[in-house]
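To keep things clear, I will list the structure first and then write my remarks on it.
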Amino acid sequence: MAMASSMMSPPMLMNKSNKPQSRTLIATRKQYQTSTSIRAMKIEKTLEELYSIKVERKVSKERLSELGVSRWSVWKTGKCKLPWDWQVDQLVYIEEGEVRVVPEGSESFMSFVAGDLVRYPKWFEADLFFNDFYQERYKFRAYGDD
């Protein structure tokens with residue numbers, strides 16, 4: 001049994017301090033050492049990408065009709081701050097106003113405005129900031145609805 005598990009592990013080499021190292025790591029390190037044109041890149045994702053929030057901006061009347069937005073529930077508020085957590089996926093079309101969404105544990109925010117279609121994922125938690133009148137239409141999404 002021990003022989004089978006050792007055959008399935010990735011090939012290992014020993015470094016100068018006699019510790020195992022994978023060939024991939026060594027090849028990458030050698031490539032980096034021999035090439036001066038390779039530079040480290042920091043890839044940053046938007047908050048929408050980090051939290052799996054899907055946004056369509058300036059949604060067309062055709063798209064709204066296709067989704068049946070006019071039949072969705074309406075929610076309104078004025079200037080306020082609300083802590084919110086989504087127990088299910090929710091699709092929101094913002095009809096009027098703006099909302100700033102600050103994910104739990106973050107200091108950054110996302111801003112969504114009238115004409116945006118936003119899909120919030122299940123279990124997402126955030127503080128919502130409304131600076132003025134706000135109105136949205138929303139629909140809860142069941143698993144597999146797309």
Query raised in the report: Given a 1.4 Å probe, how much area per residue of the stretch 74-144 is accessible, in Å²?
Result: 56 Å²
**Report entry** Cα lying deepest toward the dipole's positive end in the stretch 40-120, options L91, S65, V118, charges on Cβ
**Finding:** S65
Report summary line: Check: C-alpha center the stretch 46-84 vs C-alpha center the stretch 89-146, spacing in Å is 6 Å
Report task. Could you estimate the translational diffusion coefficient of the stretch 44-83 from the Stokes-Einstein equation, with Rh from the Kirkwood formula over C-alpha pairs, at 20 °C and 1.002 mPa s, in whole µm²/s? Result -> 161 µm²/s
Query raised in the report: Can you run phi through the Karplus equation (6.51, -1.76, 1.60; θ = phi - 60°) for the stretch 77-91 and list ³J(HN,Hα) in whole Hz, with x for Gly and Pro?
Result: 7, x, 5, 5, 10, 10, x, 9, 9, 9, 8, 9, 4, 9, 9
Report task. Quick one: which residues, 5 or more positions from D89 or on another chain, have an amide H under 5 Å from its amide H? H modelled 1.01 Å from N in the peptide plane, none for Pro or chain starts. Result -> K122, R141
Report summary line: Computed curve, the stretch 54-146, Cα-only Debye sum without solvent term, log₁₀ I(q)/I(0) at 0.22, 0.23, 0.24 Å⁻¹, is -1.22, -1.32, -1.42
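The values are calculated or read from the model by the stated rules, or taken from the named source; none is laboratory data. Everything numeric here is computed off the predicted structure, so don't read it as measured data. Cβ atoms come from the backbone with ideal geometry, glycine included; neighbour counts cover every protein chain shown. Only protein heavy atoms, including side chains, enter the accessible area calculation; ligands, DNA and RNA are left aside. Shrake-Rupley method; radii C 1.70, N 1.55, O 1.52, S 1.80 Å.
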